[in-house]
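The values are calculated or read from the model by the stated rules, or taken from the named source; none is laboratory data. These numbers come from a predicted model, not from an experiment. Here the Cβ positions follow ideal geometry from the backbone for every residue, glycine too, while neighbour counts run over all protein chains shown. Ligands, DNA and RNA are stripped out before the accessible areas are found, and what is left, the full protein with its side chains, is counted by its heavy atoms. Shrake-Rupley method; radii C 1.70, N 1.55, O 1.52, S 1.80 Å.
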There are 2 protein chains.
Amino acid sequence: MRVVEKVNDVRATVKEWKAKGLKVGFVPTMGYLHEGHESLIRKASEENDRVVVSIFVNPIQFGPKEDLSTYPRDLDRDSKVCEGAGADIIFHPENEEMYFEDFSTFVDMNGLTAGLCGKSRPTHFRGVCTVVTKLFNIVAPDRAYFGEKDAQQLAVIKRMVRDLNIDIEIIGCPIVREKDGLAKSSRNTYLSIEERNAATILNKALTLAKEKIQSGERNSKVIIKLIEEILNSEKLARVDYIEVVDSLSMEGVERIEKSVLVAIALFIGKTRLIDNFTYEL
Amino acid sequence: MRVVEKVNDVRATVKEWKAKGLKVGFVPTMGYLHEGHESLIRKASEENDRVVVSIFVNPIQFGPKEDLSTYPRDLDRDSKVCEGAGADIIFHPENEEMYFEDFSTFVDMNGLTAGLCGKSRPTHFRGVCTVVTKLFNIVAPDRAYFGEKDAQQLAVIKRMVRDLNIDIEIIGCPIVREKDGLAKSSRNTYLSIEERNAATILNKALTLAKEKIQSGERNSKVIIKLIEEILNSEKLARVDYIEVVDSLSMEGVERIEKSVLVAIALFIGKTRLIDNFTYEL
């Protein structure tokens, strides 16, 4: 496995692979890899002849008051994870390799990005769409793998790929959880021991909400209220949003009548965590 | 030569070509082809093994009060021009093939698009960048050809390709003119005989401005005033803009100290025409 920093380097390598008829899988990440990322790399490795993992903490998807400067980084550890899971190349560019000083082109989206994380983080998905477009153009993979924890991001990427005719298959992979149910996230490392215990409330609330829907409840407001009460019982938690939305359009639904996404964003102290489930009716 | 209407069809054909190691040139157009387009197709044909021409009147680059509905169309004539100039495929999609009803992704740009045509046509370049990104992803050519008549468009496309790491070489081609100097344009067909005569003022003004710079004038305001006086001498003409800008950043310059673009947009009756020259100092 090689770590490459230059666009031209990764591009040349992938072209050599493709000239031999090899299929290329791609896992874009911001590094500090956990078992969720690992599952994506393993799946990419199973389904393709070669795998590229990008590790790039993309500045333009962070808001001005967000955690860009403190976002955790550990390339040595990440390299071992990537190698163990079957990656062939890590693409690890500097900011200057990705964004010229007079960078001025953006990929943006209406509709799907209006609610959920897009509401709390107004320029986030513009940053995500732009960097993913760039990475797709640099790596030019056959397939790309994204986690379902970032459910709205996955829906946004699928829509972008459809709308812009990007010739890459997008594959969503299930959330990987800790033993106590907390979804794996690079941001879990921010949590103190007390906060880490409190963070289990996220999955507890979703599990109870799912049971409620399974037992026949179809009113979104009832589900949201149930989740709200559970989250509010945890004094370290502060709700960012609780939403029940159509799993394709990401628009809020009053009645649960087809496939819905139930999604939560929650601050535990200063750390913002997200989790969700999709309920197929 | 074949005319194809479906994304998957053109994509499959280009993939077959590329598998054989053939190089592909691409000329995106809105049809009603003139000798300017023809020169692009000929150049693409000389420099590549295969050539795709797209003919698509892109609705999202027209403003609400612009000439989308009246834009001239003639596929039969265009087919002959394409075939004669060396095209292998015309990609001629319906609107529905390009834009789903819930289409919601856009490629947009700051800076370069603020002045000139971007000022008069505020959503124009968003529409251009979006459709060109789509066409590039569909056709996946090695090289793409654009006319220098749309100088700002060419600068915008080059910037977009750089910023989004699009792996396509962009080639600008010189303006093709009528015998009396009027730049070839599909929109010239809108002009009455009287207006057609009046339209020659555009090239006359630019020619005199160029001579003035060549004779040593370095003050942009003097150049703009000279052009303004000439254009105002034509009673059918109404100036949209006259600008002297840096030919890379498209920002206005006071002194002509490096490569500048001198660009005009002019209404002759209801028809908006553009023309320009680049002066390399």
**Study point:** Subset of segment A:140-153 (residues that are more than 12 Å from A:I274 (Cβ to Cβ) and more than 11 Å from every other protein chain (Cβ to nearest Cβ))
**Key:** A:P141, A:D142, A:R143, A:A144, A:Y145, A:F146
Practice item. Say whether the condition of being among the acidic types (D, E), touching a Lys or Arg at 6+ places or on another chain (Cβ under 8 Å) and outside any loop (DSSP other than H, G, I, E, B) is met by at least one residue in segment B:39-60. Key: yes
Review point. Of the residues that make up segment A:170-183, is at least one open to solvent by 40 Å² or more (accessible area, probe 1.4 Å), under 30 Å from A:N8 (Cβ atoms) and within 14 Å of chain B (Cβ to nearest Cβ)?
Key: no
Point to revise | Test result for B:V27, among the hydrophobic types (A, V, I, L, M, F, W, C) and part of a strand (DSSP E or B) | key: yes
Practice item. Kindly establish whether A:S186 is buried (at least 18 other Cβ atoms within 10 Å of the Cβ), polar (S, T, N, Q) and away from chain B (no Cβ under 14 Å). Key: yes
Revision key, fill the gap. Checked segment B:30-58 for anything of a type outside the set (A, V, I, L, M) and either more than 24 Å from B:N188 (Cα to Cα) or within 14 Å of another protein chain (Cβ to nearest Cβ) (or both); matches are B:S45, B:E46, B:E47, B:N48, B:D49, B:R50, B:S54, B:F56, B:N58
Review point. If a residue has to be surrounded by 18 or more Cβ atoms within 10 Å (Cβ to Cβ) and closer than 30 Å to A:T189 by Cβ to count, how many in segment A:5-29 make the cut?
Key: 7
Exercise for review: Go through segment B:55-72 and give me each residue that's buried (at least 19 other Cβ atoms within 10 Å of the Cβ) and polar (S, T, N, Q).
Suggested key: B:N58, B:Q61
Review point. List, please: which pairs have Cβ atoms under 8 Å, are six or more places apart or on different chains, and start with a residue in segment A:73-97 that is surrounded by 15 or more Cβ atoms within 10 Å (Cβ to Cβ) and end with one that is part of a loop (DSSP other than H, G, I, E, B) and at pLDDT below 95?
Key: none
Point to revise | Pairs with Cβ under 8 Å, 6+ apart, first in segment A:206-225 and within 15 Å of A:F277 (Cα to Cα), second open to solvent by 50 Å² or more (accessible area, probe 1.4 Å) and of a type in the set (K, R) | key: A:S220/A:R255; A:I223/A:K212
Practice item. Would you check which residues across segment A:239-273 are among the polar types (S, T, N, Q) and in contact (Cβ under 8 Å) with a residue 24 or more places away in the chain and list them? Key: A:S247, A:S249, A:T271
Check your understanding: Of all the residues that make up segment A:111-139, how many are facing chain B (nearest Cβ under 7 Å), in a loop (DSSP other than H, G, I, E, B) and surrounded by 19 or more Cβ atoms within 10 Å (Cβ to Cβ)?
Key -> 1
Study note, to complete from the structure: Residue set A:V57, A:V53; condition β-branched (V, I, T) and closer than 18 Å to A:P141 by Cα; output residue A:V53
Revision key, fill the gap. The number of residues in segment B:140-163 that are free of Cβ contacts under 8 Å to residues at least 60 places away in the same chain and either in contact with a Cys (Cβ under 6 Å, 6 or more places away or on another chain) or not in a helix (DSSP H, G or I) (or both) is 1
Exercise for review: With the condition kept exactly as written, say whether any residue in segment A:103-110 is within 11 Å of chain B (Cβ to nearest Cβ), aromatic (F, W, Y) and assigned to a helix (DSSP H, G or I).
Suggested key: no
Check your understanding: Does segment B:80-91 contain any residue that is at pLDDT 95 or above, within 14 Å of another protein chain (Cβ to nearest Cβ), more than 17 Å from the chain's Cα centre (by Cα) and assigned to a loop (DSSP other than H, G, I, E, B)?
Key -> no
Review point. Does A:P174 satisfy being under 16 Å from A:S247 (Cα atoms) and not aliphatic (A, V, I, L, M)?
Key: yes
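Considering only residues of segment B:189-205 that are touching a residue at least 60 places away in the same chain (Cβ under 8 Å) and open to solvent by less than 10 Å² (accessible area, probe 1.4 Å), which is nearest to the other protein chains (Cβ to nearest Cβ)?
Going through the qualifying residues, I end up with B:L202.
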